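Input: a single structure, listed below in structure tokens.
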Amino acid sequence: MGLIASIKEIFSFFFKQGIKSKKAKVFFVLSMIPVVILLIAKIIELTNPDSFISASQIFNRVMVVIYIQLMIPILALFFGSMIINEEVENKTLIYLTTAPIPRPGILIGKFLAYVLLSAIIINLGLLFAFLVVNMDNLMEFAYIKSFFNFLGSGLLALLAYSGFFALASAVIKRSMIFGLLFIFGWESVVQYLPGTTQKFTIMHYVKSILPATSENVKFLVFRLQPSGNVESIVILLLITIVAMGVASYAFLNKEYILTDTD
Amino acid sequence: MKSVVKTENLSKWYGRILGISDISLDISSGIKGLLGPNGAGKSTFLKVISGQLKSNIGSVQILGQKVFANHNVYKKVGFCPEYDSFYRDNTGGEQIEFFARLHGFSKSEAQKKAEIAIDKVGLLDARDKLIREYSLGMRQRLKIAGAIVHDPEVLMLDEPLRGIDPLWRVKIIQIIKDYKELGRTVIVASHILPEIEAMTSDIILIHQGKVFAQGDIHYIRDLIDSHPHMISITCKDYRSLAAKLIDRDFILDVQFQKDIERLTIKTDNRDQFFALLNRLIVEHRFEVKEIISPDDNLQGVFDYLIGR
């Protein structure tokens with residue numbers, strides 16, 4: 001079987017598996033928590049127009065931080081690491097690596113399945129959040145444009161982070177710990193450093209393409225010295241492609257010892 | 001005969017732990033039994049020859065092709081792993097159909113292939129049940145269905161009868177034998193001798209990562225002629241019988257089991273021993289209830305060869 005056909009088969013199987021999985025359901029519920037908070041805020045705003053903060057402000061100041069800065073990296077870490085780790089832990093890798101399909105097809109197929117799954121979880125959360133915040137202004141073009149900008153940025157972030165963590169899981173045994181240290185250590189600190197240092201984080205490029213021009217989003221882009229939109233998009237895509245390329249090479253050549261063997 | 005699986009000086013270790021060492025084999029069609037105790041290196045050998053692990057030294061070829069990460073060769077290989085591992089949120093039918101799809105069959109072909117394989121292992125009625133609801137025996141049979149769904153030329157089975165009930169053991173053994181009749185190659189690993197014995201007399205004994213002996217069971221049986229044999233005799237006057245045997249040079253050891261009136265003799269010359277025993281039974285009219293020799297099955301061969 002060729003690479004494309006194998007990617008298709010693997011994608012199809014693991015996307016269906018992912019949709020049915022408890023993990024996806026848990027993440028979906030978690031992604032709905034901000035929506036509930038926004039709904040409460042919106043009800044307060046509508047019933048009390050003099051309230052000191054609007055749902056829109058909460059969305060921009062807090063929810064975007066939760067989705068973009070927290071949920072996307074964590075989802076990407078979880079699903080990106082799972083690409084290989086779950087096969088090794090469940091000892092099911094053997095069924096894939098003894099099938100007549102190119103090994104990169106396994107990795108890329110699962111990567112695409114999990115990125116789509118994560119994107120659905122995140123984007124549904126963002127969509128509901130957007131609908132709640134703008135329920136009285138749904139047709140306003142600026143809001144719709146801003147929403148699609150968030151979706152696009154989120155998707156690029158998911159691709160880059162998932163690729164990066166897929167690479168980590170292909171080459172490191174405890175990739176989950178590495179990933180947590182990366183998200184809450186490196187990314188959390190270095191993105192706020194001045195000068196070019198912050199460009200060594202993925203989040204820098206994600207934030208650079210966010211619709212961060214409004215005053216309300218200044219909180220999110222604190223200390224950001226943004227790169228250009230095109231540069232950021234290219235670099236995020238490059239991170240994805242290079243990470244998946246190296247991960248495929250590693251997966252092609254590495255042996256995975258599933259357990260103490262006889 | 002044409003070589004199907006060929007290994008040369010195959011060695012594999014995990015850090016400081018030896019998996020297999022210097023295994024050179026030429027396996028042709030038929031059923032080859034891979035025999036050895038737990039930890040002997042059987043599974044490691046299967047994993048290396050099936051391309052799941054890389055050898056540290058040596059080479060392996062299946063049908064003339066290198067194996068590791070060579071997906072083209074896997075079209076011809078079916079593998080049943082030792083692990084009880086599945087995508088448990090799928091039904092048995094979905095799982096086997098997925099495996100068939102990975103072998104390049106169209107959806108309708110894959111459904112048909114999966115149905116045939118599942119039917120062979122007797123799970124047709126359970127094909128729509130989630131795998132997590134299967135019993136251990138059913139899961140084991142499902143693994144075998146997964147290994148044969150694409151009708152492979154080379155079938156590798158690691159402990160295939162584990163957890164399977166006696167009725168289905170017989171049927172699975174027959175499926176394996178049928179593969180042989182089709183001119184295919186089957187490599188079966190087990191630490192349970194009667195299982196291997198029921199499938200084939202062509203065996204490879206593995207111990208501590210090395211091939212200890214290989215060939216037909218009768219050939220291996222000849223190899224042990226110089227080793228002492230155990231013969232147990234159940235007899236009412238077992239002590240008298242022992243007294244008449246014990247002064248012979250070829251009797252190395254005598255043990256008693258009083259509760260079952262059994263005498264167990266260790267001898268390094270079976271022919272002389274049986275000649276003497278026959279004579280004593282006739283002359284002294286010993287009432288012998290049973291004479292058994294553990295050497296008559298593979299367990300005896302195996303135990304002697306590994307020096308247990």
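Only the coordinates and a few stated rules stand behind these numbers; no lab work does. Source: prediction; values computed, not measured. FYI the Cβ positions are ideal-geometry reconstructions off the backbone, even for glycines, and counts take in every protein chain you see.
Nearest 0.05, what FRET efficiency do B:W13 and B:E133 give at R0 = 45 Å with Cβ-Cβ as r?
Values: r = 40 Å, r/R0 = 0.88.
Given R0 = 45 Å and the Cβ-Cβ separation, E is 0.70.
Largest mean-square fluctuation among A:A168, A:A157, A:A41, in a Gaussian network model of chain A whose springs join Cα atoms under 10 Å apart, belongs to A:A41.
Mind checking the full-extension length gain between B:S240 and B:R88? Use 0.36 nm per residue of separation minus the Cα-Cα distance, one decimal, nm.
48.5 nm
Given B:K129/B:K210; B:K47/B:K112; A:K110/B:K107, which pairs have Cα atoms separated by over 31 Å? Pairs exceeding the cut-off: B:K129/B:K210.
Determine the shielding of peptide A:251-257 by partner chains: average, over its residues, the number of Cβ atoms on other chains within 10 angstrom of each Cβ.
Working: counts 1, 2, 3, 2, 10, 2, 6.
Mean shielding count: 4.
As a length-normalised measure over Cα pairs under 8 Å and 6 or more apart, the relative contact order of chain B settles at 19 percent.
Using a simple spin-label model with pseudo-atoms 7 Å out from Cα toward Cβ, A:Y249 and B:L63 lie 3.1 nm apart. Taking the average, over residues, of other Cβ atoms within 10 Å as the packing measure, peptides B:136-143, B:237-244, A:189-196 rank B:136-143, B:237-244, A:189-196 from highest down. Estimate the FRET efficiency between A:K16 and A:E89 by the formula 1/(1 + (r/R0)^6), using the beta-carbon distance for r and 25 Å for R0, to the nearest 0.05. Rounded to the nearest 0.05, the efficiency is 0.80.
Ranked for footprinting exposure by Cβ neighbours inside 10 Å, fewest first, A:F150, B:F274, B:F45, A:F14 give B:F274, A:F150, A:F14, B:F45. Over all other residues within a Cβ to Cβ distance under 11 Å of B:I31, the charged ones net out to +1, with Lys and Arg as +1 and Asp and Glu as -1. Backbone amide hydrogens, once placed in the peptide plane, bring B:A213 within less than 5 Å of B:L205, excluding anything fewer than 5 places away on its chain. Assign one of three labels to chain A, namely rounded, prolate or oblate, based on the Cα gyration tensor with a ≥ b ≥ c the square roots of its eigenvalues; rounded applies when a/c is under 1.5, prolate when it is not and a/b is larger than b/c, and oblate otherwise. It comes out prolate by the Cα gyration axes.
Indicate the gyration tensor shape class of the stretch B:165-204 (rounded, prolate or oblate), computed on the Cα atoms with a ≥ b ≥ c the square roots of the eigenvalues: a/c under 1.5 is rounded; otherwise a/b larger than b/c is prolate and the rest oblate. Before the final figure, lay out the partial values.
Numbers: a/c = 2.26, a/b = 1.11, b/c = 2.04.
Note, shape of the stretch B:165-204 comes out oblate.
Computed from label points 7 Å out along Cα-Cβ, the spacing between A:F200 and A:I172 is 1.5 nm. Note on B:97-108: average number of Cβ atoms from other chains within 10 Å of each residue's Cβ is 4. For the peptides B:82-90, B:153-161, residues were scored by their other Cβ atoms within 10 Å and the scores averaged per peptide; the highest-first order is B:153-161, B:82-90. If you look at the Cα atoms of the stretch B:21-96, you get an Rg and a Dmax of 14.4, 42 Å. Only Cα sites of chain B enter the Debye sum here, all with the same form factor; the resulting log10 I(q)/I(0) across q = 0.08 1/Å is -0.46, listed in q order.
Within 10 Å of the Cβ of each residue in A:96-107, the mean number of Cβ atoms contributed by other protein chains is 6.
At 0.36 nm per residue, minus the direct Cα-Cα distance, what do B:E287 and B:K210 gain on full extension? Give it in nm, one decimal, please.
Numbers: separation 77, 0.36 × 77 = 27.72 nm, distance 4.49 nm.
Taking 0.36 nm per residue and subtracting the Cα distance, the gain is 23.2 nm.
Calculate, in whole percent, how much of the Cα-Cα pair population of the protein assembly as shown lies beyond 30 Å.
Working: 100811 of 162165 pairs.
Here the long-distance tail beyond 30 Å is 62 percent of all Cα pairs in the protein assembly as shown.
Between B:K75 and A:I33, the modelled labels are 5.1 nm apart [label points 7 Å from Cα along Cα→Cβ].
Roughly what angle does helix B:270-284 make with the longest principal axis of chain B, taking Cα atoms, 0 to 90 degrees, to the nearest 10? So the inclination is approximately 50 degrees.
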